[in-house]
Structures are given as structure tokens and as C-alpha cells.
Amino acid sequence: MYAVKATKRVIVIRPRKALRAEEAAEFLDIGMSSLYRYARAGIIPGRKIGTDWRFSKLALEKWLDAQVKEEND
């Protein structure tokens, strides 16, 4: 009987890309002033890093889905 040594699997995880404010505004199809106002108010998910805002595309997609679902209810 032979023992077979299990090989180690390597899992590659790509880091999530954070969108800059310009990219997030374009993705949401809103103006920059609206984006900043909503982000500061906590309406749109985002993080301020130093003086710059960053937005997760996944978080924005989930937020949009919730907004559409809320409108349809």
C-alpha cells in the first residue's frame, strides 16, 4: 500500500479594486457633488482615506440593488 501525499492547493485571491470618486460617480451616473454629499451623509457606502474618498464597487452594487428592491416593494 502506498501513501499518497496530498498536494497543497494555492488559492489566489484578487484584491478588490476600490473606485475613486470620479469612477464611482460615473458608475452611479450621478454628479460629483451629489456623490460627496451622499457619502458624507452615509447614504452611499464609502470610506474617506485622508482627503480622498474610495468606494467598493461591490458595496455600490449591493446598495443599488437594495434601492431598486425598496422602490419595487
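The values are calculated or read from the model by the stated rules, or taken from the named source; none is laboratory data. No experiment lies behind these values; they were computed from the predicted model shown. Glycine gets a Cβ as well: all are built from the backbone with ideal geometry, and neighbour counts include every protein chain shown. Please note that ligands, DNA and RNA were not included when accessible areas were found on the heavy atoms of the full protein model with its side chains. Shrake-Rupley method; radii C 1.70, N 1.55, O 1.52, S 1.80 Å.
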- Query: What is the local net charge at TRP53, summed over the other residues whose Cβ is closer than 13 Å to its Cβ (Lys, Arg +1; Asp, Glu -1)?
  - Reply: +3
- Message: Suppose each label sits 7 Å from its Cα in the direction of the beta carbon; what would the ARG40-LYS57 distance come out to in nanometres?
- Response: 2.8 nm
- Query: Which length gain, in nm to one decimal place, applies between LYS48 and GLU70 when the Cα-Cα distance is subtracted from 0.36 nm times their residue separation?
  - Reply: 5.2 nm
- Query: With the other protein chains left in place, how much accessible area per residue, in square angstrom, belongs to the range 9-73 at a 1.4 angstrom probe?
  - Reply: 84 Å²
